[in-house]
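What follows is a set of notes on a single structure, which appears directly below.
The values are calculated or read from the model by the stated rules, or taken from the named source; none is laboratory data. Quick caveat: nothing in here was measured; it's all calculated off a predicted structure. Please note: Cβ atoms are built from the backbone with ideal geometry, for glycine as well, and neighbour counts cover all protein chains shown.
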Amino acid sequence: MRRAAVEQWDAGYVRVSTDIQVERDAVQNQIQALEAHALAHDLRLRLYRDEGISAKDTDRPELQRLLADARAGNVRSVLVTKLDRISRSLSDLLDLMRLFEAHDAKFVSLRDNIDTSGPVGRFMLHILGAIAELERGITAERVAEDMKLRARRRKWNGGLAPYGHRMEDGRLQIVPDEAVVLQRMRELFLQRRTWRGVAVALNREGFRTRGWQPEERDGRLVRKGHEAAEWTPTSVKRVLLQLINLGTLVYNRRRMKGKTAVARPAEEHVVVENFCEPIFTREQMDELQRIAAEVARTPARTAASPHLLSGLIECACGTKMYGIYNYVTTKRGRYRVGYYRCRRASHKGTCAAKQVPAAILERAVIEELCRLGLDRDRLAAVAGEAQATIETSLQPLIERRVDVTGELERTRDRLSSLLELAEDRLITKAEYAARKSRLETDQAGVERELANIEVEIASRAAMTIDIDETVRELRRVGDVFDSLEDVIDRRHLLATCLNRVVARPGEIELHVPAFQLLMGRDEGEEGAEKVTSWLQSAAGERAQKQPSKGQNGDKFPGGVSDRRWENYGIPERLDARVGRWYTKAVFNKNL
Ligand SMILES: [Zn+2]
């Protein structure tokens with residue numbers, strides 16, 4: 001298509017950064033100025049307006065539409081009233097100018113007397129861009145400094161006073177009623193150790209959160225109101241752990257990115273101790289934080305489960321399994337049998353896995369862990385194998401990195417030769433734009449892949465297996481397990497040396513923090529029947545409920561017969577090998 005056939009117009013870009021009234025008038029002023037200019041110069045003006053958006057980057061819908069039109073060759077010139085309407089960053093501004101230039105669109109800023117069709121205009125543009133950037137940097141810094149200064153001078157920076165306090169004469173003062181609730185909350189948390197438990201108890205005792213009135217300023221709503229509401233686990237946690245309860249103000253924690261708050265790195269926080277009167281002592285706060293950290297590590301619902309592998313056991317389909325008891329009545333009496341069931345199989349029916357008897361699964365796991373802990377050489381062999389597998393798995397990644405790097409270079413070369421083609425007018429602008437955008441998409445994809453590969457390589461290269469530490473932890477299971485009577489303590493012990501257990505037909509996968517083990521069928525004689533004392537004690541426990549069961553040998557504690565092992569496809573004798581599936585989590589010792 002010939003250039004003349006493309007419809008062209010002059011793009012007027014207006015922008016305001018907030019939607020308050022003054023600025024809204026500013027939009028009208030900008031539009032009027034642009035329209036007057038268009039009339040005087042006989043332009044075909046089309047407006048692009050971004051309202052309530054800052055010019056700190058080019059991520060603005062209307063600007064992007066303008067750029068798309070410019071790339072398509074529709075824009076003859078771009079008009080703004082002031083430079084800072086289109087960009088507040090010098091580098092962005094220069095990029096935009098280059099783009100306009102590449103598509104033959106001239107750029108005019110009315111107030112700054114810039115017209116890029118002349119050399120003076122282009123020069124001015126650079127100078128003004130530099131000044132605009134400098135100015136913006138200084139302003140942002142000044143605002144931040146000012147806020148920090150106010151915080152250090154014990155001045156509240158605005159916003160609602162935190163729960164437990166209120167604003168009075170520019171200072172935060174304790175609200176006695178709310179301080180009482182905070183103390184009650186603390187007691188409850190120490191007793192119950194779950195956020196939900198505290199919320200439920202508080203609500204039951206009739207406590208509610210603080211509500212607040214909507215706030216208007218100059219006829220505009222600046223803050224929405226909020227009714228007093230029931231406590232939730234989240235609100236309890238937030239309020240109880242806030243540092244202001246210690247009298248410490250932490251400021252500059254977040255910044256706004258568009259309409260969402262993003263956390264700032266800790267070194268940018270402004271911490272002011274003794275900002276106001278504390279509600280908790282340092283010791284009370286330390287204790288709360290310690291327990292909160294423990295709670296965060298415990299999977300919520302499994303905390304109180306009577307099943308040993310709750311929270312650890314997964315189905316082959318990747319879903320967590322849960323423990324359940326079935327009650328069986330026979331001639332000899334009524335007793336209960338524990339099973340693990342796939343949550344997906346029983347709730348959604350989209351997994352075909354059968355329930356697995358707890359006695360079989362638990363015994364297999366414990367036995368295997370104990371055996372591993374006793375046999376350092378075997379463990380070392382397995383770990384060596386795992387380490388080798390890590391290294392082998394690195395090789396294809398390294399090769400892929402070479403390929404991808406080459407691909408990236410080729411894409412870059414093609415982009416620059418495309419530009420040469422366009423400069424020599426060997427291809428049309430539209431063709432150039434289309435091919436460029438395709439190449440840029442490719443390039444972005446390749447760059448992403450390269451970044452992923454780098455991360456993967458770095459994380460695998462960092463993995464080493466500490467055999468002695470693993471042995472120590474596994475031996476602890478053997479030594480201590482029997483002495484623990486409570487299933488919850490036993491589960492905690494298991495959690496120190498197991499990340500997860502996956503039950504598959506025919507094999508059980510044990511994810512020891514250092515590496516992954518796979519239990520499969522073993523035809524050999526070794527590792528013959530060796531019921532641990534734990535099993536005997538477990539059997540004893542259950543025997544109380546099932547009369548005259550004892551150590552029959554042919555029956556499992558809980559009444560599951562030996563034969564049924566086969567039915568569930570679980571190997572009777574187990575052999576630890578390195579598993580076939582590796583994931584980062586499996587190898588990461590810190591998990
Ligand atoms: Zn499943």
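The set of residues from the stretch 294-331 being basic (K, R) and at pLDDT 80 or above comprises just one member, K320.
Quick check: is even one residue across the stretch 232-251 touching a helix residue (DSSP H, G or I) at 6+ places or on another chain (Cβ under 6 Å) and farther than 23 Å from L172 by Cβ? Checked the stretch 232-251: at least one residue is touching a helix residue (DSSP H, G or I) at 6+ places or on another chain (Cβ under 6 Å) and farther than 23 Å from L172 by Cβ. For the stretch 49-68, the set of residues classified as part of a loop (DSSP other than H, G, I, E, B) and in contact (Cβ under 8 Å) with a residue 12 or more places away in the chain consists of G52, I53, S54, A55, K56, D57, T58, R60, listed by residue number.
For first residues located in the stretch 306-322 and closer than 18 Å to L369 by Cα, partners that are away from the ligand (no atom under 15 Å from the Cβ) and among the hydroxyl-bearing types (S, T, Y) and lie 6+ apart or on another chain with Cβ distances below 8 Å form the pairs S310/T302; G311/T302; G311/S305.
The numbered conditions (1) part of a helix (DSSP H, G or I); (2) in contact (Cβ under 8 Å) with a residue 40 or more places away in the chain; (3) more than 16 Å from the ligand (Cβ to nearest atom) are all true for A381 except (2).
Which ones in the stretch 312-322 are in a strand (DSSP E or B) and either touching a helix residue (DSSP H, G or I) at 6+ places or on another chain (Cβ under 8 Å) or more than 14 Å from the ligand (Cβ to nearest atom) (or both)?
Within the stretch 312-322, I313, C315, K320, M321, Y322 meet the criteria.
So which residues in the stretch 458-482 are among the hydrophobic types (A, V, I, L, M, F, W, C), assigned to a helix (DSSP H, G or I) and modelled with pLDDT under 75, if there are any at all? Of everything in the stretch 458-482, those that are among the hydrophobic types (A, V, I, L, M, F, W, C), assigned to a helix (DSSP H, G or I) and modelled with pLDDT under 75 turn out to be A458, A461, I467. Take the conditions more than 11 Å from the ligand (Cβ to nearest atom), part of a strand (DSSP E or B) and either crowded, with 18+ Cβ neighbours inside 10 Å or free of Cβ contacts under 8 Å to residues at least 24 places away in the same chain (or both) and apply them to Y325. Does it pass? Yes. Screening L369, L426, L361 for residues that are assigned to a helix (DSSP H, G or I) and more than 16 Å from the ligand (Cβ to nearest atom) leaves exactly one candidate, L369. Looking at L93, L128, L172, L160, just one residue is touching a Phe, Trp or Tyr at 6+ places or on another chain (Cβ under 7 Å), modelled with pLDDT under 85 and buried (at least 19 other Cβ atoms within 10 Å of the Cβ), and that residue is L172. Every condition in (1) assigned to a helix (DSSP H, G or I); (2) more than 16 Å from the ligand (Cβ to nearest atom); (3) surrounded by 13 or more Cβ atoms within 10 Å (Cβ to Cβ) holds for E283 except the one numbered (3).
I'm trying to understand the selection: among the residues of the stretch 306-349, which are under 28 Å from the mean Cα position of the chain (by Cα) and of a type in the set (S, T, Y)? The answer is S310, T319, Y322. Looking across the stretch 335-358, the residues that are in a strand (DSSP E or B) and more than 10 Å from the ligand (Cβ to nearest atom) come down to Y335, R336, V337, G338, Y339, Y340, V356, P357. The single condition from (1) within 14 Å of the ligand (Cβ to nearest atom); (2) out of contact with any strand residue (DSSP E or B) (no Cβ under 8 Å at 6 or more places or on another chain); (3) charged (D, E, K, R) that R332 fails is (1).
Applying the criterion of being touching a Ser or Thr at 6+ places or on another chain (Cβ under 8 Å) and at pLDDT 90 or above to the residues of the stretch 34-63, the residue that is surrounded by the most Cβ atoms within 10 Å (Cβ to Cβ) is L34. Taking the criterion of being more than 29 Å from G73 (Cα to Cα) and not β-branched (V, I, T), the residues of the stretch 428-457 that qualify are R448, E449, L450, A451, N452, E454, E456. Residues in the stretch 288-308 include at least one that is more than 16 Å from the ligand (Cβ to nearest atom) and either more than 30 Å from T234 (Cα to Cα) or of a type in the set (D, E) (or both).
So that you can scan it fast, the table gives a plain yes or no per residue for (1) exposed (fewer than 13 other Cβ atoms within 10 Å of the Cβ); (2) at pLDDT below 85; (3) in contact with a Gly (Cβ under 6 Å, 6 or more places away or on another chain):
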site: L202; (1), (2), (3): no, no, no
site: F207; (1), (2), (3): no, no, no
site: V222; (1), (2), (3): yes, yes, no
site: T232; (1), (2), (3): no, no, no
site: L241; (1), (2), (3): no, no, no
site: L246; (1), (2), (3): no, no, no
site: Y251; (1), (2), (3): no, yes, no
site: G258; (1), (2), (3): yes, yes, no
site: A261; (1), (2), (3): yes, yes, no
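Evaluating A422 against the criteria (1) out of contact with any Leu (no Cβ under 9 Å at 6 or more places or on another chain); (2) surrounded by 15 or more Cβ atoms within 10 Å (Cβ to Cβ); (3) more than 30 Å from Q8 (Cβ to Cβ) leaves one unmet condition, (3).
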